[in-house]
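What follows is one structure encoded as structure tokens, with my remarks underneath.
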Amino acid sequence: MKGLLRFVARSTVLGCCWLANLALGQDLPNALDQPFDTVMAELTGAAQAAEQRADPTARLQAQRAQLRLLAAARRADRLGPLIQSLSSTPAWQLSERAFELLSYRAALALQTSTATEAARLALPLRRLGTAELGPDLYDDVQLLLAHIDRELGMQSAALQRLDALLLDARRSGRVATQTRAWLERGGVQVRLFDYAQGLKDYEQALTSAPAWAPLWQARARMGMAQNLNMLNRRPEAFPLLAEALAQFERLGDQALQADALLLHSFFLSKDDRPAEGIAYLRQALQLREQVGDKDGVVNALTHLCGRLLQAGRANEALAECKRGLALSKSVPSSSLTWDVNGVTAEVYAKMGQYEAAYQHAHRSERALLALSKQQLADQTGALRAQFDVDLRRLDNERLTERLSFEERDRQRLRLLIAGLVLAVGLLLVSGALLARLYWRTRHLAEHDALTGLLNRRSLLEWAQDEVSRSQRHGLPLSFIAVDLDHFKRVNDERGHATGDRVLKDVAECLRAGVRREDRLGRLGGEEFLLVLPHTPADEACALAERLRGAVEHQVRLSPDWPQTLSIGVSTWQSGLSLSDCLQAADEALYRAKGGGRNRVVVAHQPPG
């Protein structure tokens, strides 16, 4: 879920804020209410006509419009070559145009590379003001920098920049800038998990959006739907998302169509209708493949895998996960690697392939570690750059106001301390996030996904340790093997969903009946195993009988259909291995089955 929100929020802002309108000026209406293919064809024709009649001004205007449109549509496959070709053009080497082209390079890096690269490219822009950039480009650069700050995890810095821009835009009546800033601000609130405020910001964007900007209006509606869903107000979210999707289709914006389809699928999954959402995900995947958005393709494959697993189609889910894993190797994103490996681990765990699940959970954990380290390095670099900018601004102010040398030193020290405190705070937050996600990944690797009990590998490792401890100290140790009677009939007559519920109910009943020092796990299918340290055979047999009776009494498919257990009990004796004990428990279990089921049988073991 978090991966989806993170990706859609990022994609929406890339298409709807500063990218859509960089220096659009008076031709905003002509770019935002027409289909992409139509506008692109007109601009290409205008550029060619201007070149034929040797009109450099008209050609520059057409080229700038092409850049804006390709950036707005997130067409990195065409934006990159256009930037490259314009870099050597004399008209684009002048200071203001060079800064404009640099901002597009940073925007392209956000789509095709990392926030680190975008921050590095945008570093010169942080030091420039209205005088160097001009008022229009200055607004666009501030929105770009706010978006980069957000991708680096510096949400407070992004909000501060956006609030200052909104205040200035209101004073001067720059309606377009206000709308774009509200859209970006809504994306920041999503990243902060403040969905109520995010909803308000997107409502402000919808209210302020000009009538000639249906694309902005549609993006605001999609943002509102996203936040309404997270506030558990999905009945209100679905119509808004449908309106946005229809507008994206009319305007031919394939990237935003894909985003909306992905959200629609997510909404359906939250309504326990994952199967209906699969078709929307496949449409989103096809659109992202058409526009060459590799990051988006991996993201769509990851969520398609999750929906298929949720719908009980594990084999199909595994096939899509493998596609996502293969493609993720060519995408420089630790976040996507983390997501796709994590979902793949869940699929393998569901299929009972625990070794493969553990391997992918480990890869997901390593990707998370790399992501956290990179985010920390990105934040530190951005803080250093912002600190340098603040120092320069402060130096200029002090020179103008003829401040004393002592005051200047005190101001610098305050800034330095503030920067260090912020850096330490970011480090602590990153460490806490990393620790939480590490334990979550470890829990997935060690526990059964359905019941939450220890999985086979973890339980047998723990049992081997107990056998070794008993051998050293001569302590009693017993094993209880449990199998659900007639479980195939449950699945055949009541369905696998009912079977899963029965397994979870039995697991909970067994868990409630054992001591804290005992270990309970699921070996696979309907088989469970209990390892009982410091427990002789008579106590283990008594416990097994209590557990059998508790399950028969508490777990029922209907009043006349109790779920019963067949149980085998074995006890470790000197000279026996773990394998010997488990085999003895299994043989006793099968004697219980053969003796009519719903009973406890103690293993016949040779004296040690």
Exclusive hit being more than 19 Å from Val141 (Cα to Cα) and touching a residue at least 12 places away in the same chain (Cβ under 8 Å), set Leu240, Leu183, Leu162 | Leu240
Note: among Ala275, Ala300, Ala279, Ala258, just one is touching a Gly at 6+ places or on another chain (Cβ under 7 Å) and either closer than 26 Å to Ala220 by Cβ or of a type in the set (Gly, Ala, Ser) (or both), namely Ala258
Looking only at segment 457-476, decide whether some residue is open to solvent by 30 Å² or more (accessible area, probe 1.4 Å), among the hydroxyl-bearing types (Ser, Thr, Tyr) and over 20 Å from Asp586 (Cα atoms).
-> yes
Subset of segment 477-497 [loosely packed, with under 15 Cβ neighbours inside 10 Å and either over 44 Å from the mean Cα position of the chain (by Cα) or hydrophobic (A, V, I, L, M, F, W, C) (or both)] | Ala497
Quick check, is Ala507 of a type in the set (Gly, Ala, Ser), open to solvent by 60 Å² or more (accessible area, probe 1.4 Å) and in a helix (DSSP H, G or I)?
-> no
Check on Leu256, at pLDDT 85 or above, closer than 30 Å to Ala497 by Cβ and either open to solvent by less than 10 Å² (accessible area, probe 1.4 Å) or not in a helix (DSSP H, G or I) (or both) | no
State the number of residues belonging to segment 120-131 that are surrounded by 14 or more Cβ atoms within 10 Å (Cβ to Cβ) and touching a Lys or Arg at 6+ places or on another chain (Cβ under 9 Å).
-> 2
Among the residues of segment 33-85, count how many are in contact with an Asp or Glu (Cβ under 7 Å, 6 or more places away or on another chain) and modelled with pLDDT of 75 or more.
-> 2
Could you say which residue among Leu336, Leu304 is at pLDDT below 85 and within 14 Å of the chain's Cα centre (by Cα)?
-> Leu336
Check whether at least one residue in segment 312-327 is outside any helix (DSSP H, G or I) and either among the acidic types (Asp, Glu) or more than 26 Å from Lys504 (Cα to Cα) (or both), and report yes or no.
-> no
When Gly186 is evaluated against the numbered criteria (1) open to solvent by less than 20 Å² (accessible area, probe 1.4 Å); (2) modelled with pLDDT under 90, which criterion, by number, is the only one it fails?
-> (2)
Just wondering, is there one or more residues in segment 328-351 that are in contact with a Ser or Thr (Cβ under 7 Å, 6 or more places away or on another chain), of a type outside the set (Asp, Glu), open to solvent by 10 Å² or more (accessible area, probe 1.4 Å) and free of Cβ contacts under 8 Å to residues at least 24 places away in the same chain?
-> no
Of the residues that make up segment 133-156, is at least one open to solvent by 40 Å² or more (accessible area, probe 1.4 Å), over 30 Å from the mean Cα position of the chain (by Cα), among the hydrophobic types (A, V, I, L, M, F, W, C) and modelled with pLDDT under 80?
-> no
Within segment 208-236, the residues that are open to solvent by less than 10 Å² (accessible area, probe 1.4 Å) and basic (Lys, Arg) are Arg219
Looking at (1) of a type in the set (Lys, Arg); (2) crowded, with 22+ Cβ neighbours inside 10 Å; (3) touching a residue at least 60 places away in the same chain (Cβ under 8 Å), which is the one condition that is false for Arg250?
-> (2)
May I ask you to verify whether Ser103 is of a type in the set (S, T, N, Q), assigned to a helix (DSSP H, G or I) and exposed (fewer than 13 other Cβ atoms within 10 Å of the Cβ)?
-> no
Residues being over 22 Å from Arg78 (Cβ atoms) and open to solvent by less than 60 Å² (accessible area, probe 1.4 Å) - total across segment 272-297 | 5
Within 19 Å of Leu145 (Cβ to Cβ) and without any contact (Cβ under 8 Å) to a residue 12 or more places away in the chain: does that describe Glu117?
-> yes
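The values are calculated or read from the model by the stated rules, or taken from the named source; none is laboratory data. Computed from a predicted model, the values in this text were never measured in an experiment. Counting neighbours? That spans all protein chains shown, and the Cβs are built from the backbone with ideal geometry, glycine included. Surface areas here come from the heavy atoms of the whole protein model, side chains and all, with no ligands, DNA or RNA. Shrake-Rupley method; radii C 1.70, N 1.55, O 1.52, S 1.80 Å.
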